[in-house]
Amino acid sequence: MNLKNSTILITGGTSGIGLEFVTQLTEIGATIIVTGRKQDALDETKKNFPNVHTFKSDVSNPQDIKDLYDTVTTLFPELNLIINNAGMMRLIDLQDQSLDLENINREIATNLTGTIQMVHQFLPHLLKQKSSGIVNVSSGIAFMSYSAAPIYSATKAAVRAYTQALRLQLENTNVKVFEMIPPGVKTNLQNEWVKQPNPAMMMTADKMVKISIDGLLKDKNELKPFPIRILKLASRLMPNHLLNYGHKEFKEIKKLQNK
Ligand SMILES: NC(=O)c1ccc[n+]([C@@H]2O[C@H](COP(=O)([O-])OP(=O)(O)OC[C@H]3O[C@@H](n4cnc5c(N)ncnc54)[C@H](OP(=O)(O)O)[C@@H]3O)[C@@H](O)[C@H]2O)c1
């Protein structure tokens, strides 16, 4: 894709991977639109990147998606790329009955339903553009359920499945479908966790986004760094080993919580 002449909407562009997209796509010269739920984070992004257009919008709220569509397509009819990046990842013990039925699957509304509804709302617009694209952000966890974050794991495997089907259905259109598959990346995603991920195992957002932009420029379906290739292979060769390796962390977290 030609990114320099693109108008790009990034959901959750005020932190982590989304904010890094803002930094690098600004350098390329694209027109950038950013969403998020917190007004102060949007204001901070606008302060640091005065040319970026910010809109308060929650992807888990269908009315927000409709309003965003109306505003953005009116102000930016040339919009041709959406990056469905907004996401949340909670540590969940499935035996914890303090989480009520509304709360237990909250990630689904943001990570999965939000992505699907954003695509559904913006697709007719993207189909009208000469060259356009959709980036859905899944995760390495799509290849190996991570027991400490069971609902998150379910959403990311589902985002991958949905994105593959979407790509097939749009194969004869002008809309290219990309899946960004990050491994562990140093961001604010797990700030609330009692145990932080091992920093030595985490990639920088800068590197992850560089690889993704390179993939977008070359029209690669999957935007993924080398460790994801290894993980994909390992998930076929030794799936149980991978599952149990991840599950060790859940056990360690439970020990910490019970101290
Ligand atoms: N970091 C990793 O290790 C990793 C690995 C694989 C995949 N990913 C994926 O990468 C994406 C970005 O995550 P990140 O690591 O950059 O996390 P982050 O630093 O926590 O950033 C998340 C962004 O999403 C926004 N957001 C959250 N819920 C939202 C909602 N309902 N509507 C609109 N915006 C929302 C947040 O802003 P507000 O809170 O103000 O709304 C923030 O801008 C996520 O899809 C995540 O699952 C991350």
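The values are calculated or read from the model by the stated rules, or taken from the named source; none is laboratory data. Note that this is a predicted model, so its numbers are computed, not measured. Here Cβ is always computed from backbone atoms with ideal geometry, including for glycine, and neighbour counts include all displayed protein chains.
For Asn48, are the conditions met, namely being farther than 17 Å from Phe76 by Cα, more than 10 Å from the ligand (Cβ to nearest atom) and free of Cβ contacts under 8 Å to residues at least 40 places away in the same chain? In short, yes. For Ile253, the criteria (1) assigned to a helix (DSSP H, G or I); (2) within 22 Å of the chain's Cα centre (by Cα) hold in every case but one, which is (2). Could you check how many residues of region 108-156 are over 21 Å from Ala30 (Cα atoms) and basic (Lys, Arg)? Of the residues in region 108-156, 1 are over 21 Å from Ala30 (Cα atoms) and basic (Lys, Arg). For Lys56, work out the one condition from (1) over 30 Å from Lys248 (Cα atoms); (2) more than 9 Å from the ligand (Cβ to nearest atom) it doesn't fulfil. Going through (1) over 30 Å from Lys248 (Cα atoms); (2) more than 9 Å from the ligand (Cβ to nearest atom) one by one, Lys56 breaks only (2). The residue that is farthest from the ligand (Cβ to nearest atom), among those in region 210-246 that are among the β-branched types (Val, Ile, Thr) and within 20 Å of Gln24 (Cα to Cα), is Ile213. Which pairs do you get when a residue that is hydroxyl-bearing (Ser, Thr, Tyr), found in region 181-210, comes within reach of a residue that is in a loop (DSSP other than H, G, I, E, B), reach meaning Cβ atoms under 6 angstrom, with the pair 6+ apart or on two chains? Cβ pairs passing all conditions: Thr204/Lys186. The single condition among (1) over 30 Å from Leu256 (Cα atoms); (2) modelled with pLDDT of 95 or more that Met89 does not meet is (1).
Scanning for something surrounded by fewer than 18 Cβ atoms within 10 Å (Cβ to Cβ) and part of a helix (DSSP H, G or I), does region 218-228 turn up at least one residue? Yes: one or more hits.
Within region 28-41, the presence of a residue that is assigned to a helix (DSSP H, G or I), farther than 27 Å from Lys207 by Cα and more than 16 Å from the ligand (Cβ to nearest atom) is excluded.
Restricting Ser98, Ser132, Ser147 to those that are more than 14 Å from the ligand (Cβ to nearest atom), among the small types (Gly, Ala, Ser) and within 30 Å of Ala234 (Cβ to Cβ) reduces the list to Ser147. Taking the criterion of being touching a Lys or Arg at 6+ places or on another chain (Cβ under 9 Å) and either more than 10 Å from the ligand (Cβ to nearest atom) or of a type in the set (A, V, I, L, M, F, W, C) (or both), the residues of region 1-24 that qualify are Met1, Gln24. When region 125-142 is limited to residues that are aliphatic (A, V, I, L, M) and in a strand (DSSP E or B), the one that is nearest to Ile17 (Cα to Cα) turns out to be Val137.
Considering region 59-77, and only residues there that are among the charged types (D, E, K, R) and either more than 9 Å from the ligand (Cβ to nearest atom) or touching a helix residue (DSSP H, G or I) at 6+ places or on another chain (Cβ under 9 Å) (or both), the residue that is nearest to Gly114 (Cα to Cα) turns out to be Lys66.
Here is a yes/no grid of residues against (1) out of contact with any Lys or Arg (no Cβ under 6 Å at 6 or more places or on another chain); (2) crowded, with 20+ Cβ neighbours inside 10 Å:
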site	(1), (2)
Tyr152	yes, yes
Lys156	yes, yes
Arg160	yes, no
Ala165	yes, no
Phe178	yes, yes
Gly184	yes, no
Lys195	yes, no
Met202	no, no
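Screening the candidates Lys195, Lys156, Lys207 for the property of being basic (Lys, Arg), within 15 Å of the ligand (Cβ to nearest atom) and outside any helix (DSSP H, G or I) yields one hit, Lys195.
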